[in-house]
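Working notes for the structure below.
The values are calculated or read from the model by the stated rules, or taken from the named source; none is laboratory data. Model, not experiment: these values are computed from the prediction. When we count neighbours, we look across all protein chains shown, and the Cβ atoms used for this are built from the backbone with ideal geometry, even at glycine.
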Amino acid sequence: MRIAVIGTGYVGLSTGVCLAEIGHHVICIDTSEEKITLLRGGKSPIYEPGMEELLTKNMEAKRLQFTTSHREGLEKSEVIIVAVGTPQQDSGEADLTYLFQAIQDAAPYIEKGSIIVIKSTVPVGTNEKVKRLLEAFGQNKVSPFVVSNPEFLRQGSAVLDTLNPDRIVIGCENKEPAAVIEKMYAPLNAKVVKTDARSAEMIKYASNAFLATKISFINNIGNLCEAVGANVEDVSKGMGLDQRIGAAFLQSGIGYGGSCFPKDVSALLAAAKEYHVPFSMIEETMMINNRQKLLLVKKALNRFGDLKHKKIAVLGFAFKPETDDMREAPSITIIHSLLNEGASVIGYDPVATRNAKGIFGEKIAYATSVGEAIKESDAVFIVTEWKEIKQLVLSEVISQMKQPIVFDGRNSFSEEAVRDCEEIEYYPIGKPAIIIRKS
Ligand code: UDX
């Protein structure tokens, strides 16, 4: 099949590269010359495991191309996938400016019979608006076939998730285009859910809001575990083995971040308000998450009284491992709060430091290794559970600190690893602290 993908962000690029990998001819379009030049050179603008290998492989196989020209990209394309960003507005609603602009830019070049696939996360009813826009700008030669096809990939495993999806959702009232899209994905052997466009749009929001709620729920259970002296990891295990609950997304931590959960939860709430459907549970999910991001600072304040002139080493800037993305990352709230409390901060992240510099500038120091970050520090905050951080030998690392005090927001170390230390104050999430004094 000949496929065009508009937008080369996480979703667009992963989709384009993976559709080429399963044998289609794909051309990716982006208005950014800089991105397209980079991609043509086989370089990915985003950090994503496996991406550059597949990029190079499929470009060499002549199945994958990149262009800034809508004319070049759209002529002869049977399927046009739109995967541009739909960021959050101040009101919480999704901002559809990029989507509608992309549709307007594309409309004059769309061939008759092409199918427009909306992959961007969009509020319920948007596919219908896109259809009307196409009719208005497409000079009557445009097919009104618009298919909602939300994406569920996770950053950091975007390629893997795109090639092994749990399900493919196809939302279209018309059977023919839906069948074409099903065929396009056939090599993935995934379960397919065919429905109307509005339900497909809702599946995306409902899924992300449900997962975010699951995280907030377990985070609150974790806080309660700490208070009553239980262990949230065992509680998660005990709950997760119930197939009706499931083990995934029951890891208690310092709150969810990233480009999807916060934005999609807000957008669902905005829709509930617009349609006057009470959904205070979603507000609670958001409130718990905002509180959770401040948990490590709260614990440090309890321990030290105040944080003035304390040197805090923050390990991890990214909102989760295997990505350099810092959108809505707990590290942002944590570091700003530490600075407000008068602490000095030195941070380390294996890949997100460049993005962190754009956010914190000169306000904090940046280390190029864990060792450099924790040297002479009063406490360590573990914020992102990078493998490199989880594999540290705690007993060796803490010997370089001024005081061996660790606030672990991701429960990165086993009890044995902590008990190997001669002296430590270890504060995990949702389970008892371990305090070992030098005898
Ligand atoms: C998410 C959805 O998983 C994906 O389906 C959707 O398409 C986009 O949004 P992503 O944001 O890339 O993907 O990351 P994910 O791995 O889902 O993690 C989101 C956040 O939740 C991270 O901040 C992570 O640390 C946190 N999280 C996840 C927890 O705190 N506990 C968990 O058990 C799982």
Looking at the stretch 384-393, can you tell me whether even one residue there is farther than 17 Å from T323 by Cβ, surrounded by fewer than 21 Cβ atoms within 10 Å (Cβ to Cβ) and among the β-branched types (V, I, T)? yes
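Say we look at the stretch 266-320 and pick out the residues that are assigned to a strand (DSSP E or B) and aliphatic (A, V, I, L, M); which of these is surrounded by the fewest Cβ atoms within 10 Å (Cβ to Cβ)?
Kept after step one, since they are assigned to a strand (DSSP E or B), are these residues of the stretch 266-320: 311-315.
Among the residues that remain, those that are also aliphatic (A, V, I, L, M) are: 312-315.
Details: I312: 29, A313: 26, V314: 30, L315: 30.
Once the filter is applied, the top-ranked residue is A313.
Within the stretch 222-238, count every residue that is aliphatic (A, V, I, L, M) and within 12 Å of the ligand (Cβ to nearest atom). Break it down stepwise before answering.
First, pick out the residues of the stretch 222-238 that are aliphatic (A, V, I, L, M): 224, 227-228, 230, 232, 235.
Okay, now just the ones that are also within 12 Å of the ligand (Cβ to nearest atom), so 232.
Residues meeting the conditions: 1.
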List the pairs whose first member sits in the stretch 203-232 and is more than 17 Å from K320 (Cβ to Cβ), whose second member is acidic (D, E) and crowded, with 22+ Cβ neighbours inside 10 Å, and whose Cβ atoms are under 9 Å apart, counting only residues at least 6 apart or on separate chains? K204/E151; K204/D264; Y205/D264; S207/D264; A209/D264
Evaluate the following for E52: is it within 21 Å of the chain's Cα centre (by Cα) and crowded, with 23+ Cβ neighbours inside 10 Å? no
Among the residues of the stretch 383-401, how many are within 16 Å of the ligand (Cβ to nearest atom) and touching a helix residue (DSSP H, G or I) at 6+ places or on another chain (Cβ under 6 Å)? 1
Here is a check on your reading of the model: is V11 within 16 Å of the ligand (Cβ to nearest atom) and either surrounded by fewer than 20 Cβ atoms within 10 Å (Cβ to Cβ) or not aromatic (F, W, Y) (or both)? yes
Scanning the stretch 388-401 for residues that are at pLDDT 95 or above and in a helix (DSSP H, G or I) gives E388, I389, K390
Is it the case that T126 is within 30 Å of T56 (Cβ to Cβ) and at pLDDT 90 or above? no
So, T323, is that one closer than 20 Å to K263 by Cβ and outside the structural domain of E226 (by TED's automatic domain parsing) or not? yes
Subset of the stretch 57-77 (residues that are crowded, with 20+ Cβ neighbours inside 10 Å and among the hydrophobic types (A, V, I, L, M, F, W, C)): L64, F66, L74
State which residue pairs qualify: first residue more than 19 Å from P187 (Cβ to Cβ) and inside the stretch 19-42, second residue hydroxyl-bearing (S, T, Y) and in a helix (DSSP H, G or I) in any location, beta carbons under 6 Å apart, and separation of 6 or more residues or different chains. G42/T56
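Would the stretch 245-259 turn up any residue that is assigned to a helix (DSSP H, G or I), within 23 Å of G92 (Cα to Cα) and at pLDDT 95 or above?
Going through the stretch 245-259, the residues assigned to a helix (DSSP H, G or I) turn out to be none.
So far as the stretch 245-259 goes, no, none of its residues is assigned to a helix (DSSP H, G or I), within 23 Å of G92 (Cα to Cα) and at pLDDT 95 or above.
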